[in-house]
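To keep things clear, I will list the structure first and then write my remarks on it.
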Amino acid sequence: MTHQDDLQLDRALRAARAAGRACALATIVDTRGSTPRKVGARMIVDPAHGLVGTVGGGCGEAEVIEVARRVLQTGRPERVRVDLTEDLLSWSPAVCGGIMDVFVEAIAPERVAATAGQDAAEGVETAAQAEPGADSGATRPSPRAARAG
């Protein structure tokens, strides 16, 4: 991710907070093989304003968006495994051939300020530091979620 990407995410989180909206933050926490984005890439899913950032696009990103909607409904973070290995029935040359794990957490309006910069200063573990290799679909509460809830 570039500095410009970080600025866009920060602005989107602040705008959601100012409007009192919850959104979901998806962070790639592990990759194996060829993937369109690498560890640390993030995407915000804001139901009222769409997406900011990307975790790779296409069907894999669609899976993450579906999980983000569920996370926003339940408030429970989830880790989703996106399998981009070639489907034998696929004719698409766009299949990357890798697997990526994406940690998806709800960001409540009151948590947006902390997520937008405070956590790094406090040394709080981020989604990108989540332990790699966990099973697909396993939930892992974020330290920030534990503080907020």
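Each reported figure results from applying straightforward, stated rules to the coordinates on display, with no laboratory input. Computed from a prediction, not measured in an experiment: that's the story for all the values here. Don't worry about glycine lacking a Cβ; one is built from the backbone with ideal geometry, like all the others, and counts go over all protein chains shown.
Quick rundown of the values:
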| quantity | calculated |
| --- | --- |
| Distance in nm between pseudo-label sites at Thr85 and Gln73 (7 Å out along the Cβ direction from Cα) | 3.0 |
| Mean Cβ count within 10 Å, highest first, over the residues of peptides 44-53, 2-11, 19-28 | 19-28, 44-53, 2-11 |
| Peptide ranges 55-62, 97-104 listed from the most packed, as the mean C-beta count within 10 angstrom indicates | 97-104, 55-62 |
